[in-house]
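The values are calculated or read from the model by the stated rules, or taken from the named source; none is laboratory data. The model shown is predicted, which means the values in this text are computed figures rather than measured ones. Cβ atoms come from the backbone with ideal geometry, glycine included; neighbour counts cover every protein chain shown.
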Amino acid sequence: MESHAPHQASVRLRPVVDGDRPLLFSLRRDSALQSLLLTVADATDDAALDAWIERRRSETGGAFLVIEDQTSGKAAGYVQITQVHLRNATGYGGLVLAEGTRGLGFGRAALAELALHASRVLGLRKLMAEIDIDNAASVGLHLSLGYREVGLLEAHFTDANGITRDVLLFERRLEDE
């Protein structure tokens, strides 16, 4: 398979630092983006967003890491692993990119790094993902990185506007990482 330049983005996943707050806050305050990511924030004031970051950073067995463009050194978004089941060594992966970084290969590079982190650092054997049925870009990205569709969750998510959405369930086994 021929590789194209957009897929050559070089990223590193790193812990959140104070300078990341403006980007993280703007991503969390974007209600349309959050709905696409199957999330509705209860509150988006600074205190609530600080609490959200702290909750994500301290989740047992999980991860909350900033995606950093290694070329520019700038934050491009974040990845997370939540809902970790320690005995089964599974968790749910997620990815959020800032608007100017989408479509440039950062998502592909970040999800590949997240799989390595899940396997090598967290000891997980499987990552799962729930993706809105209409989020074609995310579905295609996950499929291209070895995830497989394992089910449809009908009327699974209610967005900020009260619209109920169907969600696809994906999994990726990590034994080869």
Which is of a type outside the set (Asp, Glu) and either crowded, with 18+ Cβ neighbours inside 10 Å or in contact with a Ser or Thr (Cβ under 8 Å, 6 or more places away or on another chain) (or both), of SER72, SER138? SER138
Scanning for something farther than 13 Å from PHE170 by Cβ, over 16 Å from the mean Cα position of the chain (by Cα) and at pLDDT 95 or above, does region 127-144 turn up at least one residue? no
Could you please find all residues in region 1-41 being modelled with pLDDT under 85 and of a type in the set (Ser, Thr, Tyr)? SER3
Within the bounds of region 123-132, is there any residue that is in a strand (DSSP E or B), among the small types (Gly, Ala, Ser) and surrounded by fewer than 12 Cβ atoms within 10 Å (Cβ to Cβ)? no
Odd one out for ALA32 among (1) of a type outside the set (Lys, Arg); (2) under 24 Å from LEU168 (Cα atoms); (3) surrounded by 12 or more Cβ atoms within 10 Å (Cβ to Cβ): (3)
Could you list, in sequence order, the residues of region 81-114 that are of a type in the set (A, V, I, L, M) and either under 11 Å from the mean Cα position of the chain (by Cα) or surrounded by fewer than 18 Cβ atoms within 10 Å (Cβ to Cβ) (or both)? ILE81, LEU86, ALA89, LEU95, VAL96, LEU97, LEU104, ALA110, LEU111, ALA112, LEU114
Going by what's in this entry, would LEU27 be described as surrounded by 12 or more Cβ atoms within 10 Å (Cβ to Cβ) and either among the polar types (S, T, N, Q) or closer than 22 Å to GLN83 by Cα (or both)? yes
Residues in region 8-18 that are in a helix (DSSP H, G or I) and farther than 22 Å from GLY62 by Cα total 1
Yes or no: GLY103 at positive phi and of a type outside the set (Lys, Arg)? yes
Restricted to region 147-177, and to residues that are free of Cβ contacts under 8 Å to residues at least 40 places away in the same chain and part of a loop (DSSP other than H, G, I, E, B), which residue is surrounded by the most Cβ atoms within 10 Å (Cβ to Cβ)? TYR147
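Yes/no per residue for (1) closer than 21 Å to ALA129 by Cα; (2) of a type in the set (D, E, K, R):
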{"position": "LEU23", "(1), (2)": "no, no"}
{"position": "ALA43", "(1), (2)": "no, no"}
{"position": "ARG55", "(1), (2)": "yes, yes"}
{"position": "LEU65", "(1), (2)": "yes, no"}
{"position": "GLN80", "(1), (2)": "yes, no"}
